[in-house]
Amino acid sequence: MGAIVRRSGLPPEYFERYDETDDRLFYLYPRLTAHIDELACQAVTQLIREELPNGGCLLDLMSSYVSHLPNDIPLTRVVGLGLNEEEMRLNPQLHEYVIHDLNANPQLPFSDQSFDGVVCTVSIQYMTHPVEVFAEVNRILKPGGPFIVTFSNRCFPSKAVRIWLATNDRQHMELVRYYFELAGGFTQIRCLDRSPNHWLSDPLYAVVGRRVV
């Protein structure tokens with residue numbers, strides 16, 4: 001594809017990384033491990049439980065071998081989108097998956113208003129075109145559908161974008177909120193600190209927005 005035109009107006013150098021090699025090489029081998037501890041994982045699951053509608057279709061953006069979805073919410077279809085096929089193949093909560101590099105092509109391979117909810121779990125720090133991706137999420141969400149973005153203080157520093165590494169946890173929430181605002185079409189945007197225990201577990205933060213009805 002041609003050069004990606006940035007919608008955000010943010011300086012391109014904000015989204016540079018130490019390691020600019022092909023992301024498909026970095027994620028070539030599966031990492032079958034949780035990137036946050038058990039209490040933080042439970043906090044992700046509880047937030048998803050609170051925000052997702054019952055039933056319907058869900059997209060797990062930048063998916064891996066675990067989606068942290070609550071088992072007590074019936075979902076008719078869960079689609080994973082990520083870079084490592086083995087991780088997604090081993091994810092028992094996915095009904096199907098798509099191999100897709102959002103940093104190479106932020107356009108999502110789905111039709112308009114095809115999902116009831118979208119989650120992005122502890123991966124937002126690696127997006128090099130976040131506003132473009134958020135605009136695409138808005139396009140594929142049904143009216144009122146939630147986009148749930150969660151993150152902690154963990155990352156692979158070589159692949160995290162410069163602006164993420166240069167800011168703290170509170171600033172990360174405001175940054176993600178800004179992505180929502182720049183993408184447009186979202187309402188009820190909320191920054192949440194859902195850290196289960198600031199001393200005994202990994203922190204857990206979230207920004208949640210809903211597609212305008």
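For Gln46, the conditions (1) at pLDDT below 95; (2) under 25 Å from Asn197 (Cα atoms); (3) of a type outside the set (Ser, Thr, Tyr); (4) open to solvent by 30 Å² or more (accessible area, probe 1.4 Å) are fulfilled apart from (1). Scanning region 137-159 for residues that are open to solvent by 10 Å² or more (accessible area, probe 1.4 Å), over 25 Å from Glu16 (Cβ atoms) and not small (Gly, Ala, Ser) turns up Asn138, Arg139, Lys142, Pro143. Restricting the first member to region 166-189 and to residues that are under 14 Å from Ser152 (Cβ atoms), and the second to residues that are among the hydroxyl-bearing types (Ser, Thr, Tyr) and open to solvent by less than 60 Å² (accessible area, probe 1.4 Å), the beta-carbon pairs closer than 8 Å and six or more apart or on different chains are Asp169/Tyr205; His172/Tyr205; Met173/Tyr205. Being open to solvent by 60 Å² or more (accessible area, probe 1.4 Å), in a loop (DSSP other than H, G, I, E, B) and at pLDDT 90 or above: is that true of Tyr29 here? So Tyr29 does not fit the description; no.
Every residue, every condition in (1) of a type in the set (Ser, Thr, Tyr); (2) assigned to a loop (DSSP other than H, G, I, E, B); (3) crowded, with 19+ Cβ neighbours inside 10 Å, yes or no:
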site: Val98; (1), (2), (3): no, no, no
site: Ala104; (1), (2), (3): no, yes, no
site: Gln107; (1), (2), (3): no, yes, no
site: Ser111; (1), (2), (3): yes, yes, no
site: Thr128; (1), (2), (3): yes, yes, yes
site: Val133; (1), (2), (3): no, no, yes
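Quick check on my filter: what residues within region 155-197 are within 16 Å of the chain's Cα centre (by Cα), assigned to a helix (DSSP H, G or I) and β-branched (Val, Ile, Thr)? Listed by number, the list holds a single entry, Val176. Here Arg162, Arg170, Arg210 are screened, and the one residue that is open to solvent by 10 Å² or more (accessible area, probe 1.4 Å), touching a helix residue (DSSP H, G or I) at 6+ places or on another chain (Cβ under 7 Å) and among the basic types (Lys, Arg) is Arg162. Contact map, region 39-53: first residue within 16 Å of Leu200 (Cα to Cα), second residue surrounded by 22 or more Cβ atoms within 10 Å (Cβ to Cβ), Cβ cut-off under 8 Å, separation 6 or more or different chains; pairs are Ala40/Ser152; Ala40/Leu204; Cys41/His68; Ala43/Leu204.
Entry remark, region 73-96: residues being of a type in the set (A, V, I, L, M, F, W, C), in a loop (DSSP other than H, G, I, E, B) and either surrounded by 16 or more Cβ atoms within 10 Å (Cβ to Cβ) or in contact with a helix residue (DSSP H, G or I) (Cβ under 9 Å, 6 or more places away or on another chain) (or both) number 4 in total.
The values are calculated or read from the model by the stated rules, or taken from the named source; none is laboratory data. Being a predicted model, the structure only gives us computed values, none of them experimental. Note that we place each Cβ from the backbone using ideal geometry, even for glycine, and neighbour counts take in every protein chain shown. Areas reflect the complete protein model, heavy atoms only, side chains present, ligands, DNA and RNA absent. Shrake-Rupley method; radii C 1.70, N 1.55, O 1.52, S 1.80 Å.
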